[in-house]
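Scroll down for the structure; my scribbles are underneath it.
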Amino acid sequence: MVQTDLTQLNRECNSWRDTLRTYRTDLSSFKTQLQDIVNKPIPRSELAQVEHIDNQIDIQLRNINQLKHEIKDHERNAAWELGRPSGVVSEATLTQHEALQDRYEVLEHTLSELKNEFTSFAQKLG
């Protein structure tokens, strides 16, 4: 792998982390809004949905944190490999990058679905 490829890898990783930070902020806001919703009288039939959304927010916040750490470790590993005498990033690291990208895309899809679910729920009870 040449230097410009490592730069591209770093750009992608930074972009992923930035987006994940935005999602984390959004989910924290949803958590606060959900608390505001349950502080008002709501139909008993909606309590299961409140619990479901609350649990999903917690799960996805953990998933975001875990993926952010894995992306950061991946970047460090790629930089370390580039600094070795061979000066190249291994195929294993490139494969790991692709796997992280796949996980990022799946998580992004899941977070988008959760955002839609929360927005619909909040509007219904708002």
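The values are calculated or read from the model by the stated rules, or taken from the named source; none is laboratory data. Predicted model, so just to flag it, every value in this text is computed and none were measured. No Cβ is skipped: glycine too gets one built from the backbone with ideal geometry, and neighbour counts run over all protein chains shown.
One line per residue, one yes/no per condition, for (1) surrounded by 15 or more Cβ atoms within 10 Å (Cβ to Cβ); (2) outside any helix (DSSP H, G or I); (3) on the phi > 0 side of the Ramachandran plot; (4) modelled with pLDDT of 95 or more:
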position	(1), (2), (3), (4)
THR4	no, no, no, no
ASP18	no, no, no, yes
TYR23	yes, no, no, yes
LYS31	yes, no, no, yes
VAL50	yes, no, no, yes
ASN65	no, no, no, yes
ASN77	yes, no, no, no
PRO85	no, yes, no, no
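Taking the condition farther than 30 Å from ASN14 by Cβ, among the hydrophobic types (A, V, I, L, M, F, W, C), modelled with pLDDT of 95 or more and out of contact with any His (no Cβ under 6 Å at 6 or more places or on another chain), does ALA99 pass? Criteria not met by ALA99. Condition test on GLU70, is it under 26 Å from LYS115 (Cα atoms), under 19 Å from the mean Cα position of the chain (by Cα), modelled with pLDDT of 95 or more and charged (D, E, K, R)? The answer is yes for GLU70. Against the conditions (1) among the hydrophobic types (A, V, I, L, M, F, W, C); (2) buried (at least 17 other Cβ atoms within 10 Å of the Cβ); (3) at pLDDT 95 or above, ILE59 satisfies every one except (2). Here are the criteria: (1) in a helix (DSSP H, G or I); (2) within 25 Å of SER15 (Cα to Cα); (3) not hydrophobic (A, V, I, L, M, F, W, C). Tell me which single one SER45 does not satisfy. Only one criterion in (1) in a helix (DSSP H, G or I); (2) within 25 Å of SER15 (Cα to Cα); (3) not hydrophobic (A, V, I, L, M, F, W, C) is unmet by SER45, namely (2). Residue pairs whose Cβ atoms lie under 9 Å apart, separated by 6 or more positions or on different chains, with the first residue in the stretch 50-78 and farther than 16 Å from LEU111 by Cβ and the second aromatic (Phe, Trp, Tyr), are VAL50/PHE121.
From the list THR7, THR25, THR19, THR32, the lone residue that is within 24 Å of ALA99 (Cα to Cα) and free of Cβ contacts under 8 Å to residues at least 12 places away in the same chain is THR7.
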